[in-house]
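No lab work stands behind these numbers, since they all come straight from the coordinates. Worth saying up front: this structure is predicted, and the values here are computed from it rather than measured. Note: ideal-geometry Cβ built from the backbone for every residue, glycine included; neighbour counts use all protein chains shown.
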Amino acid sequence: MKTILLATDFSENAHWAIDYAVEMAFALHAQLVILNAYDPLPVNAPAHEWLTSADEGAKQACLHRLHDLRDSIREQTGGLLLVDVVARPGDPAACIAAEVRDRKPDLLVMGLVGDEPYRARIEGSLATQLIPETLVSMLLVPPGTVYAPIRSVVLAVDLDESVDVLTLGNVKRFARLLDATLDIVCVEDTPTDLHRWGAEAIRNLFVDQPHTFQFLSGNDLTVALDSYFAQTRADLIVLLPKRHSRFRVWLTESVTQQVARQAIVPVLAVV
């Protein structure tokens, strides 16, 4: 892994994702790029200042916070972690998408909640909103998460739909990179021959990677997965988000978003 992009809003709970990203980048010998999106047009600014002094002031304030964070990380890691910072003006989602296109990171890290953790658990957050549209694998860090070496990874798959082989290859690469065991689960009360064939195909793909595979019973996919995650105490939950139309994304929340929204351990959405 070469580059980890950390998108932060400097909210009250942002430090959990910041600390996690720093420790992971250091452990994996990756460059850490920290992005913050700022509002260039303060509501109370005079119109003639919108594109001049107000914009420059907002940019400098953003850079000041980023530089302070970068200096703190360099001191924390003895200068051994390569850290870059980026300040972008505008909508956070658009800024993150633009930085992903420009930087092409291997991983995007975000905090699962912002300034309103309770509301984020119920309604979702910017991080969960970005899942269906992400072009890069996302690591979502819930509040209270302290980094530790990842040894147990749980991958949830849906065999009612085709699973992309390239995406599964990315999961394998993450598992190897983390030197972790992999437990693969599929929620299906009565597996059909098609389900079993799909499971066997996945097992063959992971034949050289320590793993297990099992079907879980349950009628509600999210509830069954939550129950399993609570029992196994995995270090990392891996999900495979499906890309949907903007209209469908606006109307419904995906299983990946539901599980991530309520997770108490980091969630990796692999694409």
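Couple of notes before you dig in:
- Relative contact order of the chain, pairs being alpha-carbon contacts under 8 Å that are 6 or more residues apart, as %: 20 percent
- Between ALA94 and LEU63, the contour length at 0.36 nm per residue exceeds the alpha carbon distance by 9.3 nm.
- Two-site FRET efficiency, TYR147 against LYS2, from Cβ-Cβ distance with R₀ of 25 Å, rounded to 0.05: 0.80
- Lysine-lysine proximity count for the chain, Cα under 25 Å, sequence distance 8 or more or distinct chains: 6
- Short to long, the 5 Å bins of the Cα pair-distance histogram for segment 113-171 hold 4, 12, 18, 22, 21, 16, 7, 1 percent of all pairs.
- Between 0 and 90°, nearest 10: helix 193-205 axis offset from the chain longest Cα axis: 60 degrees
- Inter-probe distance in nm under a simple model that places probes 7 Å from Cα toward Cβ, at ILE264 and LYS104: 4.1 nm
- Distance in nm between pseudo-label sites at ARG203 and THR167 (7 Å out along the Cβ direction from Cα): 2.2 nm
- Degrees, to the nearest 10: 53-76 long Cα axis against longest axis of the chain: 60 degrees
- Amide hydrogen proximity for LEU82: with H placed 1.01 Å from N in the peptide plane, the residues at 5 or more positions away or on another chain lying under 5 Å are LEU32.
- Between 0 and 90°, nearest 10: helix 165-178 axis offset from the chain longest Cα axis: 70 degrees
- The mean sequence distance of close C-alpha pairs (under 8 Å, at least 6 residues apart), as a share of the length of segment 137-220, puts its relative contact order at 33 percent.
- With 10 Å bins beginning at zero, the pair-distance distribution over Cα atoms of the chain amounts to 6, 28, 34, 20, 8, 3, 0 %.
- FRET E, pair HIS29, THR212, Förster distance 30 Å, beta-carbon r, rounded to 0.05: 0.55
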